[in-house]
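To start, the structure itself, in structure tokens.
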Amino acid sequence: AALVEAGVKRERIILDPGMGFFLGSNPETSILVLKRFPEIQEAFNLQVMIAVSRKSFLGKITGTDVKSRLAPTLAAEMYAYKKGADYLRTHDVKSLSDALKISKALG
């Protein structure tokens, strides 16, 4: 509300719910945010950016180090895409682009 009152157009505001180490060491917290971000979109009536690329919670679940998190990252990003994320922030642009192309081709 403060941003809108300050003159920022609502369509220029993007909410990043934050995930990974930011939320603590328990991966379940990040999983819960990822599962429920559509509720956040609806409650705030804002665009949402999901940023799960290489996050620590993915490593805790899969037992992979940061350099080996492409598959878990893509799985989480595709979940967010299918659930209606407005934006996806990623380290692996080409891989995500390819995954999105396949998803769109499949319908």
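Values in this text are rule-based calculations from the coordinates and carry no lab data. All of these numbers come straight from a predicted model, not from anything done at the bench. Cβ placement follows ideal geometry from the backbone for every residue including glycine, while neighbour counts extend to all protein chains displayed.
Quick one: Thr64 ticks every box in (1) exposed (fewer than 13 other Cβ atoms within 10 Å of the Cβ); (2) assigned to a loop (DSSP other than H, G, I, E, B) bar one, so which box is it?
In the conditions (1) exposed (fewer than 13 other Cβ atoms within 10 Å of the Cβ); (2) assigned to a loop (DSSP other than H, G, I, E, B), Thr64 misses (1) alone.
Of all residues in region 32-44, which are within 13 Å of Gly84 (Cβ to Cβ) and not aliphatic (A, V, I, L, M)?
Filtering region 32-44 down to residues within 13 Å of Gly84 (Cβ to Cβ) leaves 34-42.
Result: Lys35, Arg36, Phe37, Pro38, Glu39, Gln41, Glu42.
Restricting attention to region 69-107, which residues are within 20 Å of Ser30 (Cα to Cα), surrounded by fewer than 16 Cβ atoms within 10 Å (Cβ to Cβ) and of a type in the set (Asp, Glu)?
Asp86, the sole residue that qualifies.
When you scan region 60-73, how many residues do you find that are in contact with a Gly (Cβ under 9 Å, 6 or more places away or on another chain) and more than 20 Å from Arg36 (Cα to Cα)? Break it down into steps so the answer makes sense when it comes.
Of all residues in region 60-73, those in contact with a Gly (Cβ under 9 Å, 6 or more places away or on another chain) come to 65-66, 68-69, 72.
So of that shortlist, the ones also more than 20 Å from Arg36 (Cα to Cα) come out as 65-66, 68-69.
Qualifying residue count, region 60-73: 4.
Run down Ser30, Ser53 and say which single residue is under 15 Å from Arg89 (Cβ atoms) and touching a His at 6+ places or on another chain (Cβ under 8 Å). First the steps, then the outcome.
Values: Ser30 fails: touching a His at 6+ places or on another chain (Cβ under 8 Å).
Criteria check complete, one pass: Ser53.
What pairs come up if the first residue lies in region 64-75 and is over 14 Å from Ala51 (Cα atoms), the second is among the basic types (Lys, Arg) and assigned to a loop (DSSP other than H, G, I, E, B), and their beta carbons are under 8 Å apart, counting only those six or more places apart or on different chains?
Listed pairs, sorted by first residue: Val66/Arg54.
Of the residues Ala80, Ala85, Ala76, which single one is out of contact with any Lys or Arg (no Cβ under 7 Å at 6 or more places or on another chain) and farther than 29 Å from Ala1 by Cβ?
Details: Ala80 fails: farther than 29 Å from Ala1 by Cβ; Ala85 fails: farther than 29 Å from Ala1 by Cβ.
The match here is Ala76.
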